[in-house]
Amino acid sequence: MEQNIRLAAVGDNCIDLYDQTGDAYPGGNPVNVAVYTVRLGGSASYTGVVGDDKYGRLMRQAVAAKGVDVSHLHTEPGSTALSHVTVVNGDRVFGDYEEGVMENFRLTEEDVDFLCGHDLVVSGLWGRVEGDLPRLKTRGVPVAFDCANRPEDPAAEKALPWVDYAFFSNDSAGDRELEDILRAIHTKGPELVVATRGERGSLAFDGSRFYRGGIVPCTVVDTMGAGDSFIAGFLYGLMRGEDIPACMALGAENSSVTLGYAGAW
């Protein structure tokens, strides 16, 4: 059954460039979700744009090497998106973000047709596709969207009426406060809203009841990609027909794998 699961990730990609060492690591929310879906046993594609520079070539080669379909990863003249990272007392500190060719990324009609041939489409806050989601939704393909830690962001507000499954992160709100936030987001359109809470697990709301998910204890080496791993595991469970608690458990399990090594993937 898993071999028939096809997830389409679309939107931003980004090279994390460590300024002190010059090390460059490919990633980005939709890219990560695609890679983790393949790791789980499904198939995935990534639709986006890179520049015609060395980082664009690195992104394409690295994502393809993980088994992700990059047939709709476009190349345009210019720079691939970069996030500058420094390490301070052992912690990553993110500096300037250079959007590069992602700034003008727009889906073509052929891209939309391609995406709609999948079981589910996932994007996120910086993907620049929030305006295209109505075209996907009206074609009948389920849509998931990661609001990061900013569900009130204008891009998220524009996306939410056309989203089936909304995700965001919040590890600071109390239980009652977070429940109110999930209720408010649910009224904007999604049939299911899920909040990830770091060490406090996760909380989901389907309009009628709340579901609480735990974590899988593990030795934390690096938190990079943990949230995206949860989303991939959760969505993989949904596409397999699992119920919400099982999807939350699969998300936590997938996160624990990523937490156990350095880097996103």
What number comes out for the charge environment of Phe114, summing +1 per Lys or Arg and -1 per Asp or Glu over other residues with Cβ under 12 Å away? -3
Give the percent of DSSP beta bridges with both residues in the stretch 92-250 that are antiparallel, rounded to the nearest 5. 40 percent
How much accessible area does Val163 have with a 1.4 Å probe, in Å² rounded to the nearest 10? 0 Å²
So, taking all protein chains as they sit and a 1.4 Å probe, how much accessible area belongs to Lys66, in Å² rounded to tens? 90 Å²
Could you tell me the calculated FRET efficiency between Thr138 and Tyr18, based on Cβ-Cβ distance and R0 = 51 angstrom, to the nearest 0.05? 0.75
Förster-model FRET efficiency, 35 Å R0, Phe210 and Val88, C-beta, rounded to 0.05: 0.40
Roughly speaking, what is the centre-to-centre gap between the stretch 1-79 and the stretch 182-197 when only Cα atoms are used, to the nearest Å? 27 Å
Scan the chain and note any complete DSSP helix (H) whose C-alpha atoms cover at least 18 Å along its axis and whose Kyte-Doolittle average is 0.5 or more. 226-239, 244-259
I want the antiparallel fraction of DSSP beta bridges within the chain, as a percent rounded to 5. 40 percent
Which percent of the accessible area of the chain is formed by carbon and sulfur heavy atoms (probe 1.4 angstrom)? 49 percent
Kindly report the accessible area of the stretch 112-265 per residue (heavy atoms of protein chains, probe 1.4 Å, no ligands, DNA or RNA), in Å². 42 Å²
Calculated from DSSP helices alone, with each H run of at least 4 adding -39500 (n - 2.57) and the total divided by the residues of the chain, [θ]222 nm to the nearest 500 comes to -9500 deg cm²/dmol
Over all directions, the average projected area of the alpha-carbon convex hull for the stretch 61-186 comes to how many nm²? 10.3 nm²
Please compute the net charge surrounding Phe210, taking Lys and Arg as +1 and Asp and Glu as -1 over other residues with Cβ under 12 Å from its Cβ. 0
Could you tell me which GluC sites (Glu not before Pro) in the stretch 94-130 are loop residues by DSSP with no more than 13 other beta carbons within 10 angstrom of their beta carbon? none
Order by accessible surface, 1.4 Å probe, largest leading, for residues Tyr25, Tyr55 comes to Tyr25, Tyr55
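The values are calculated or read from the model by the stated rules, or taken from the named source; none is laboratory data. If you're wondering where the values come from, they're calculated on a predicted model, not measured in any experiment. Don't worry about glycine lacking a Cβ; one is built from the backbone with ideal geometry, like all the others, and counts go over all protein chains shown. Heads up: the accessible areas ignore ligands, DNA and RNA and are worked out on the full protein's heavy atoms, side chains in. Shrake-Rupley method; radii C 1.70, N 1.55, O 1.52, S 1.80 Å.
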